[in-house]
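Down below is the structure, laid out as structure tokens.
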Amino acid sequence: MSNRPDLYTSYRKESSIFPNNTQKFWFIVLLISAIFVCFVASDYWLILLTNALLVSIAAWGLNIVSGLAGQINLAHGVFVGIGTYASAVMGGVATRSVIGYELDLLLWLPLSGLIAALVGVLISPIAVRLKGLNLGLVTLAFVFIGSHFFSNMVFVTGGSGLGRKAANLQIFGIDLNSGLEIGNLFLQKNQILYFISLLVAVLLGIGVKNLVRSKTGRAFAAIRDRDIAAEALGINLFRFKSVSLAISCFYGGVAGALLMTTFGGAEPGTFNLLYSITFIAIVIIGGAGTVLGPLFGSFFFVLFPALIQNVVLSSNLSEQELILSPQQIERVIFGLFIILFLIFEPRGLWGIWFRLRNYFKAWPFSY
Amino acid sequence: MLTMENIFSEIIENGGSTPCRKVNEIASRFPERVAFRDKRFGIWSEISYQSFWDQAQWVGCALNYFGVDRFDKAAVHSENRPEWIIADIGIQSIRAITVGLYPTNPPSEVKYLLGHSETKILFAEDQEQVDKALEVMDELPNLQKIIYFEDRGVVSYKEDILMSWDDFLAIGKEEYEKNNNFVTSRMEEIESGDVACLIYTSGTTGAPKGSMISHGNLEWCGSIIPKLSFTPGISNPEFLSYLPICHIFGRLIDIIVAIHVMGTINFAESIDTVQRDLAEVQPSMFPAVPRILERMHAGTLVRMKDASRLKKLLFATASKLGNFSANRRLEYGDADLPAKVTNFIAQVICFRALKKKLGLLNVDNAVSGAAPIAPEILKFFMNMGVPIYEGYGMTENSAVATGNKPGSVKLGTVGVPQPDVEIRLADDGEILVRHPGVFLGYYKNEEATKETIDKDGWLYTGDVGEYDGEFLKIIDRKKDIIITSGGKNVSPSEIENNLKTSPYIKEAIVIGDDRKFLSCLIGIEYDIVSNWALRKNIPHTTYRNLSENEEVQKLIWNEILKANELTSSLELRKFRMITKELDHEDGDLTATQKAKRNVIMDKFSDLIDDMYK
């Protein structure tokens, strides 16, 4: 049958995560090179890559509710924040001002996702009754409510301007902060974090792929395309909209928890409107409604500014000569990219990838 | 693991057997082997040989239940689908006779075919075919039951004569459980001289004639499979069934060859999806008729026009390399090194991907038959590296007569005689064929039988041919040859095929019998000409409107001039457009999509007269 990759004898085979060997092959190649990178990259790049992977997870989350189920969500950053502080409470150390239970990573990581999901489910009755611009406005309001809570729940967040330390990095009671020795291989903390992020990203990435092909995923797509038609098809709008929000928040929460651990701490002011909008930008640049899109978008978002900064810094020009600071230049260029993408390739980086792939897939024809 | 060599050597050792016996044998030896793959809602569901044989036996038992005895007839009126073959094998296994009807047969022809064959049971595919039979049922006293495969639209019908395939099989199963040796013991009785099926010729002139093909004919066809021109090199018996099984070519491939080599027959989802299904199945053996190859050729050229410059350039380069390679192969054989190198490059830059798109990637051997094909079309595929060989045969000789084969190809000829086939040319050039596959005669038509088979067993084919070296070349149907008023003999089919090489031309009928010069009627390929017109900003609405457009006429005239250059005999001086699409139901085409010359000449006599005014 290897000569007939397109001949499907069952629906199960047709809708499998990797329907053909080519995709399996590239997935494995990517995975092996991802593992390999860990041993050659400098700490600076390793942290950036870890960051990119985690941002991807959060972006997948937003992509599920917005790209897949078509519900505008301007408050994704808040859910990331909830995951962040949930992890800090569960896994962090208690001090005079903040509470903490010093749990294991295996507990606090899923729990922080679940708590974010729970909050998502709690607010979903409001959200699922609205659509379009109204939903956008409600979620916008939620950003400010969230900010307010973050600033004032000092016992959880450490308070505005101060923040708190991240959760402990321990698995099965083994403290990983000072690294880990496996045989004669010594892994730094950064490398461990990279691996954990990679593992979680792979699992959750396959999770998204699986979701897209499942009944739930198809229901989401039906709601996105036309909610009334979806309802007529027997899809329970309330239930599926809530589920999409819950899954989305779970992804956000998990990403938030690991992000905080990577950077060591977090200040409540981080999770403002701009932070939420960043994720929207990532999904747009990457390509909404796809699995690969947010991954492209996140890597672009994280690595591209780093590249610009590198270039600006190595140019040896002072700030006076450049008028803008490196951070400002980075923001301006990034903003330009968002505009350009919306005008020229609304399908995002994934769209470019898709066109390229089709160019070769249709060979020697054009369609 | 059973390889094709094992299968072939087994056939050489044991000879051929009639299809129903073969199915029984495979079912007992390899019950799990996949017999059919049927595409439903995008998924290919598989049916094993065991299940195939079980169902065929149920059909046999149920037929017996409804009073179908030895030598009674049962007809199948359906597109290709597993039930077609299951019913066919079921009918043959109880020594009854299968009659095949074309799905496009209109009610009047259904009436003629069922009436002439005295069919007792009809298997009709769906509402469309059931309606045709019901319309003429009153005039068919022998018809006792109509079994339908698809119940959509038929469920509400009240006629007692109707029964669904599932109910029919359920009766068969019940009967089978009462006496499970019935079919096998009846099958033992079958003798080589028994008629297995009636194949009605499409009848370009007059009423269709029912050719009686015997079990012996089928056995003989089975026995020569390993030596046939189009079987060497097949690595894997995968087939796509799309040629009508009621036609001898489809039957030869699907029921004789595919079953004999224990192959898997894939059924396309529908006529419209053949191209896509072909790309999914990637069959290893591809029987083709000129019409399909012409369409593939035209489709490829048209789609290439839309491709980007780079792709166009690579296609052009690959075509040149492929042409060089194919010419070397024809001249020096397959082992020629320059041919291999150029072919390799052409494959890498373009043809491999193209073949995959067309579904020809795994084709080890392809045969073109059933009608003459223009050498340019064959060359196009050979350039692409598809091993395609033209063959020659007809209903009356079980479609086996001659064929080009790997290592022995001459374009424009139909090759050398198949194994055990004797060929002779009569004094007037008519091709005579003699072999054990020659049919028994026309059903209920002694006179026509006598005209076709002489007392020594020579079959008069009605085709005029000549030898080109050892290769046989068909000139034309004897009755179609044109003699101009200047006394020159012209073969219209050669010119017509040269015309049909153009992607824009679908139908061409050359006229000139007893006239001063040659002219032709042209039917355009609507999709492609329409696409061309869109590009040129030529507004158009219907087929007629497009045909009558002056720009289109200019385009066609240029295509005719090109065809004239290829033609060795007289050139075409004038043409007229046929302003309607030719159609089987209107009587313009035969069921196999061949133009009925006399009908068309009659219908469009005003156009013809206009040309010779």
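The values are calculated or read from the model by the stated rules, or taken from the named source; none is laboratory data. Quick caveat, the model's predicted, so the values are computed rather than measured. So basically every Cβ, Gly included, is an ideal-geometry build from the backbone, and we count neighbours across all protein chains shown.
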**Q.** Given (1) hydrophobic (A, V, I, L, M, F, W, C); (2) at pLDDT 90 or above; (3) out of contact with any Lys or Arg (no Cβ under 8 Å at 6 or more places or on another chain), index of the condition A:Leu185 fails
**A.** (2)
(Q) Taking the criterion of being in a loop (DSSP other than H, G, I, E, B) and more than 15 Å from the chain's Cα centre (by Cα), would at least one residue in region B:386-397 satisfy it? (A) yes
Q | Residue check, A:Arg96 more than 30 Å from A:Gly132 (Cα to Cα), among the basic types (Lys, Arg) and within 14 Å of another protein chain (Cβ to nearest Cβ) | A | no
Q: Of all residues in region A:67-116, count the ones that are surrounded by 23 or more Cβ atoms within 10 Å (Cβ to Cβ), in a loop (DSSP other than H, G, I, E, B) and under 15 Å from the mean Cα position of the chain (by Cα).
A: 2
(Q) What's the number of the only condition in (1) without any contact (Cβ under 8 Å) to a residue 60 or more places away in the chain; (2) more than 10 Å from chain A (Cβ to nearest Cβ) that B:Pro287 fails to meet? (A) (1)
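Return the only residue of B:Val59, B:Val23, B:Val68 being part of a loop (DSSP other than H, G, I, E, B), closer than 19 Å to B:Arg186 by Cα and in the same structural domain as B:Ala170 (by TED's automatic domain parsing).
That would be B:Val68, the only listed residue that is part of a loop (DSSP other than H, G, I, E, B), closer than 19 Å to B:Arg186 by Cα and in the same structural domain as B:Ala170 (by TED's automatic domain parsing).
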Q. Would you call B:Ile271 away from chain A (no Cβ under 14 Å), touching a residue at least 12 places away in the same chain (Cβ under 8 Å) and surrounded by fewer than 18 Cβ atoms within 10 Å (Cβ to Cβ)?
A. yes
Q: Test each condition in (1) more than 21 Å from A:Trp363 (Cβ to Cβ); (2) facing chain A (nearest Cβ under 8 Å); (3) aliphatic (A, V, I, L, M) for B:Ala335 and report the one that comes out false.
A: (2)
Q: Could you grab me the full set of residues in region A:131-141 that are at pLDDT 85 or above and either closer than 15 Å to A:Val78 by Cα or among the aliphatic types (A, V, I, L, M) (or both)?
A: A:Leu135, A:Gly136, A:Leu137, A:Val138, A:Thr139, A:Leu140, A:Ala141
Q. So which pairs qualify, if the first residue must be in region A:9-30 and within 11 Å of chain B (Cβ to nearest Cβ), the second must be of a type in the set (A, V, I, L, M), the Cβ gap must be under 6 Å, and the two must be at least 6 apart or on different chains?
A. A:Tyr11/B:Ile43
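For every residue, the table says whether it meets (1) in the same structural domain as B:Phe575 (by TED's automatic domain parsing); (2) within 21 Å of the chain's Cα centre (by Cα).
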position	(1), (2)
B:Glu451	no, no
B:Ile495	yes, no
B:Thr501	yes, yes
B:Tyr504	yes, no
B:Ser519	yes, no
Q: Considering each of B:Thr104, B:Thr119, B:Thr98 in turn, give the residue that is over 23 Å from the mean Cα position of the chain (by Cα), under 28 Å from B:Gly587 (Cβ atoms) and either of a type in the set (Ser, Thr, Tyr) or crowded, with 21+ Cβ neighbours inside 10 Å (or both).
A: B:Thr119
Q) Hey, any hits in region A:323-333 for a residue that's of a type in the set (Ser, Thr, Tyr), within 14 Å of another protein chain (Cβ to nearest Cβ) and farther than 30 Å from A:Ala222 by Cβ? A) no
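Residues are listed down the side, and each one gets a yes or a no for (1) in contact with a helix residue (DSSP H, G or I) (Cβ under 6 Å, 6 or more places away or on another chain); (2) of a type in the set (Lys, Arg):
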| position | (1), (2) |
| --- | --- |
| B:Thr317 | no, no |
| B:Leu321 | yes, no |
| B:Leu330 | no, no |
| B:Ala339 | yes, no |
| B:Gln347 | no, no |
| B:Lys355 | no, yes |
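Would you kindly identify the helices (runs of 4 or more DSSP H) lying entirely within region A:284-347 that contain at least 1 residues that are at pLDDT 80 or above and surrounded by fewer than 12 Cβ atoms within 10 Å (Cβ to Cβ)?
Numbers: elements: A:292-314, A:319-322, A:326-344.
Where helices (runs of 4 or more DSSP H) fall fully within region A:284-347 and carry at least 1 residues being at pLDDT 80 or above and surrounded by fewer than 12 Cβ atoms within 10 Å (Cβ to Cβ), they are A:292-314, A:326-344.
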Q | Members of region B:1-24 that are crowded, with 16+ Cβ neighbours inside 10 Å and not small (Gly, Ala, Ser) | A | B:Met4, B:Ile7, B:Phe8, B:Ile11, B:Thr18, B:Pro19, B:Cys20, B:Arg21, B:Lys22, B:Val23, B:Asn24
Q | Subset of region B:30-76 that is among the β-branched types (Val, Ile, Thr) and within 14 Å of chain A (Cβ to nearest Cβ) - its residue that is nearest to B:Met163 (Cα to Cα) | A | B:Ile47
Q) Can you name the number of the only condition in (1) modelled with pLDDT of 90 or more; (2) over 30 Å from B:Ser108 (Cα atoms) that B:Tyr526 fails? A) (2)
Q) Taking region B:567-591, which residues are hydrophobic (A, V, I, L, M, F, W, C) and either within 21 Å of the chain's Cα centre (by Cα) or under 21 Å from B:Val529 (Cβ atoms) (or both)? A) B:Leu572, B:Phe575, B:Met577, B:Ile578, B:Leu582, B:Leu589, B:Ala591
Q.
Of everything in region B:235-258, what is over 25 Å from B:Val99 (Cβ atoms), surrounded by fewer than 24 Cβ atoms within 10 Å (Cβ to Cβ) and touching a strand residue (DSSP E or B) at 6+ places or on another chain (Cβ under 8 Å)? Give them in sequence order.
A. B:Pro237
**Q.** In region B:303-318, residue farthest from the chain's Cα centre (by Cα) [restricted to those that are more than 8 Å from every other protein chain (Cβ to nearest Cβ) and basic (Lys, Arg)]
**A.** B:Arg309
Q. Taking the condition modelled with pLDDT of 95 or more and either in contact with a Ser or Thr (Cβ under 7 Å, 6 or more places away or on another chain) or within 21 Å of B:Val281 (Cβ to Cβ) (or both), does B:Lys73 pass?
A. yes
**Q.** Matching residues in region B:38-51 - criterion: being at pLDDT 95 or above and either within 11 Å of B:Ala268 (Cα to Cα) or not in a strand (DSSP E or B) (or both)
**A.** B:Tyr49, B:Gln50, B:Ser51
